[in-house]
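As structure tokens, the structure follows; a few thoughts come after it.
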Amino acid sequence: MTLFQSLPSSVLQAGAIFLSIIIEALPFVLIGSIISGAIEVYVTPEKVYTFLPKNRLGRIFFGTFIGFLFPSCECGIVPIINRFLEKKVPSYTAVPFLVTAPIINPIVLFSTYSAFGNSIQMVLLRALGAILIATILGIFLGFFWEESIQKENRLACHEHDFSHLSKGQKILQVFIQAIDEFFDMGRYLVFGCLFASIVQVYVPTRILTSISATPLLAIVLLMVLSFLLSLCSEADAFIGSSLLSSFGFAPVLAFLVIGPMLDVKNLLMMKNYLKTRFIWHFMTIVTLVVLVYSYLVGVML
């Protein structure tokens with residue numbers, strides 16, 4: 001107790017904010033990890049491929065909306081997409097799934113709803129932004145992109161075959177996969193919560209006010225911040241909500257939309273599997289659409 005009493009009040013305040021965000025976010029990360037583990041064990045790309053529509057537009061929208069059924073964090077989405085591509089799932093189906101799966105699945109939607117005080121507005125606008133970007137990328141890949149997006153000399157994705165396991169062994173593997181994902185995501189969550197708490201306590205209010213007074217600057221700043229923090233989509237809403245009072249609605253919306261699609265860890269994984277030319281196109285389209293979409297939402301609200 002004496003140790004805590006000797007600490008500056010600002011440190012105690014930052015610690016309290018940090019713990020409050022962590023406590024709110026951890027249950028959603030845990031639930032998402034368990035469900036993702038189940039998907040890893042029980043769902044194969046071959047099963048998904050059998051449900052693909054026959055026409056190109058249908059496959060684009062299939063890839064866009066099937067993410068609602070796959071509570072997969074973006075932390076592991078790139079290797080999954082690589083597996084889909086190796087199983088001959090079209091890029092214009094796989095990439096929309098890459099964009100929407102970490103955002104429109106029920107776990108993330110509910111965590112966003114909870115983080116913003118049971119408000120449906122941010123949930124709908126976040127999902128709409130993801131669907132818009134996925135559709136644009138799908139149309140671009142389906143009708144304007146002719147080459148493969150995968151590297152010819154890429155490293156093969158390590159596949160796990162769980163089909164030979166008994167029911168008990170499969171359940172055990174679900175929890176093993178969930179534990180791995182939980183701790184992998186946890187480090188990003190801790191760093192993000194720490195950063196958000198420090199910003200709230202130590203960054204002068206006048207600086208945040210001056211930034212938020214320029215909507216485009218605030219949007220760009222939080223887009224860059226989201227890229228650097230590399231947060232888990234199952235927990236980033238809690239950090240985003242903590243930044244709402246400092247930056248405003250539109251910048252936080254941009255923060256929540258672009259983060260699961262484009263961040264440091266995803267970019268590094270993409271470079272392992274996908275061609276650099278495609279990655280540049282992907283980054284450009286995502287960045288421009290998020291910027292324009294968030295700005296227009298801010299103007300209309």
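Observations, loosely collected:
- Once exposed loop GluC sites (Glu not before Pro) are cut out (DSSP; at most 15 other Cβ, 10 Å), longest piece of the chain: 1-145
- The aspartates and glutamates within cross-link reach of K170, meaning a Cα-to-Cα straight distance under 12 Å and a gap of 8 or more places when in the same chain, are E40, D161.
- With the helix formula -39500 (n - 2.57) applied to DSSP H stretches of n ≥ 4, the chain reaches a computed 222 nm mean residue ellipticity of -25000 deg cm²/dmol.
- Candidates per chymotrypsin sites (Phe, Trp or Tyr not before Pro) in segment 70-146, loop by DSSP, up to 15 other Cβ within 10 Å: F144
- The lysines within cross-link reach of K88, meaning a Cα-to-Cα straight distance under 23 Å and a gap of 8 or more places when in the same chain, are K47, K54, K151, K271, K275.
- In this structure, W280 and I120 have a Cβ-Cβ separation that, at R0 = 22 Å, corresponds to a calculated FRET efficiency of about 0.05.
- Cα shape, segment 24-141, gyration tensor, a/c 1.5 rule: oblate
- Dipole check for the chain: with +1 at the C-beta of Lys and Arg, -1 at the C-beta of Asp and Glu, and the Cα centre as origin, the magnitude is about 480 Debye.
- In segment 1-70, the trypsin sites (Lys or Arg not before Pro) that fall in loop regions by DSSP, at most 11 other Cβ within 10 Å: K54
- Each residue of segment 252-260 was assigned a 3J(HN,Hα) from its phi angle through the Karplus curve 6.51 cos²θ - 1.76 cosθ + 1.60 (θ = phi - 60°); the sequence is 5, 4, 4, 4, 7, 7, 7, x, x Hz, with glycine and proline shown as x.
- From largest to smallest, the equivalent ellipsoid semi-axes obtained for segment 7-300 from the alpha-carbon gyration tensor read 32, 24, 16 Å.
- Ranking I22, F249, L262 by Cα position along the charge dipole of the chain, where only Lys, Arg, Asp and Glu carry charges on their C-beta atoms, puts L262 farthest toward the positive end.
- Summary value for the chain: 25 percent relative contact order, contacts being C-alpha pairs under 8 angstrom separated by 6+ residues.
- Distance between the pseudo-spin-label points of D180 and S148 (7 Å out from Cα toward the beta carbon): 2.5 nm.
Any read-out appearing in this document is the output of simple, stated calculations on the displayed coordinates, not a laboratory observation. What you see is a predicted model; the values in this text were computed from it and never measured. Heads up, the Cβs are rebuilt from the backbone with ideal geometry, glycines too, and the neighbour counts pull from every protein chain shown.
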